[in-house]
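Q: The structure under discussion is supplied below as structure tokens; questions concerning it will follow.
The values are calculated or read from the model by the stated rules, or taken from the named source; none is laboratory data. Predicted, not measured: the structure shown is a model, and the values here were computed from it. A quick note on method: Cβ atoms are made from the backbone with ideal geometry, for glycine too, and the neighbour counts reach across all protein chains shown. Just the protein is used for accessible areas: all its heavy atoms, side chains included, with ligands, DNA and RNA removed. Shrake-Rupley method; radii C 1.70, N 1.55, O 1.52, S 1.80 Å.
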Amino acid sequence: MSSLYLQPLVVDLGRSSCQSGLAGSPSPHTSPSLLGTLKHPRVMAGGSIPTDETIGTWHTGKTVSSHPGAFVLEKPVSIGGDVDIEKYVALLQYSHQVNSCAVGSHPVMVTENSTSCHLMRTRARLSQILFEEYQVPALFFSSTSVLSLYSCGVTTGSVLMLGDSLTECCNVYQGLGLPHSTSGNTVSGGRVTEEMIKTVKIEAGVNLNTSAEYEIAQRWKEECCSLTATGEREYKLPDGTAVSLGAKSLQGPLECLFDPSLLGLEEQGCHKVVKEAITKCDIDIRSKMWENIYLMGGTSGSVGVGERILKELRKECPPHTRIRITKPNSRVDGVWVGGSILASL
């Protein structure tokens, strides 16, 4: 019996965004990892909220991006990497829809973080649903860190992934995974956004309480948070109200990446995550790891983060240690690009 396998669908579904596309495509389709439920009942016929981007009872895609205040917004992945399977599968269905793929017709590659909560339980449940309910012909799980190295074109390196749900550091040597040396924490981009909401409330007197207003804070974080920020920057809320953000709001939230005690957390900073992971490697390959640190993930794009990590690592390591940190251009979509390369082999 022969089977026809179509091009695999590669899906990198994180807490803040979902990138998907067929293997070999020039770029992924990117949409926010949001599912929205209408806040209010419909009282008039018509209206401008479309219903074509719905999965079950949820709205997603451009619909929730264009009308965020009309929905209660939910994410499939929480801070810490815990996955809500029902929401996760809904966004997988949407990924098939936007890429014009019938669910069950294409093999699927799904990315995962090595330090996520309940990793094996999530993998088992997702496999059961995709095989038994949706009849996918093949399913493959791959580490975000390994795929990042594929996108960089290297086989040896230490990948520091600063995502929205987790911070983790994984090592690969000559294509060999070193799972015993993985290290991570929950101080991620999501924590930075939550801290920014608190500082904006104190400094500017602006309350960002709803799920839609959380997305405003996240957008501010992505656009203006910087470890080198000085002075003030003015931003406008959707209603036109001008808000002045000072250095405390622009720089302070990022400090929690290096000092989690600012959030009341008994975890180590991202630079110590790197040191712990590399120190767990065999002593004869540590120098290779120190010289090949790759900074990935959306949070790594904030101005000054890479330079600060290098500065802190130099304080932690002996003077003779040669440290080199690479910030690839594909930090945001590098995981999907790596998955596309691997699925095309």
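Q: Return a single number: how many Lys pairs in the stretch 228-341, at a sequence separation of 8 or more or on separate chains, have alpha-carbon atoms below 17 angstrom apart.
A: 9
Q: Taking the alpha-carbon centroid of each part, what is the distance from the stretch 6-49 to the stretch 159-195 in angstrom?
A: Distance between centres, Cα-based: 25 Å.
Q: Something else now. Ignoring ligands, DNA and RNA, what accessible area per residue does the chain give at 1.4 Å, in Å²?
A: Solvent-accessible surface per residue comes out at 47 Å².
Q: Still on this model: Can you list the trypsin sites (Lys or Arg not before Pro) in the stretch 282-345 that are in a DSSP coil and have 16 or fewer other beta carbons within 10 angstrom?
A: Arg322, Arg324
Q: Separate question: Between Glu86 and Lys280, what FRET efficiency comes out of the Förster formula 1/(1 + (r/R0)^6) with R0 = 41 Å and r the beta carbon distance, rounded to 0.05?
A: 0.70
Q: Calculate, in nm to one decimal, what Asp239 and His40 gain on full extension: separation in residues at 0.36 nm each, minus their alpha carbon distance.
A: Net length gain for the segment: 69.7 nm.
Q: Pop a pseudo-label 7 angstrom from the Cα along the beta-carbon direction at both Arg314 and Asn329 and give the gap in nm to one decimal.
A: Distance between the two pseudo-spin positions: 2.7 nm.
Q: Moving on. Any lysines with Cα under 22 Å of the Lys87 Cα? List them, leaving off those in the same chain fewer than 8 positions away.
A: Counting by Cα, and skipping residues close in sequence, Lys87 has these lysines nearby: Lys39, Lys62, Lys75.
Q: Now for a separate question. Work through the residues other than Glu74 whose Cβ is under 14 Å from its Cβ and net out their charges, Lys, Arg +1 and Asp, Glu -1.
A: 0
Q: Something else about it: The stretch 1-105: which trypsin sites (Lys or Arg not before Pro) are DSSP loop and have at most 10 other beta-carbon atoms within 10 angstrom?
A: In loop regions of the stretch 1-105 (DSSP not H, G, I, E or B), the sparsely surrounded trypsin sites (Lys or Arg not before Pro) are Arg42.
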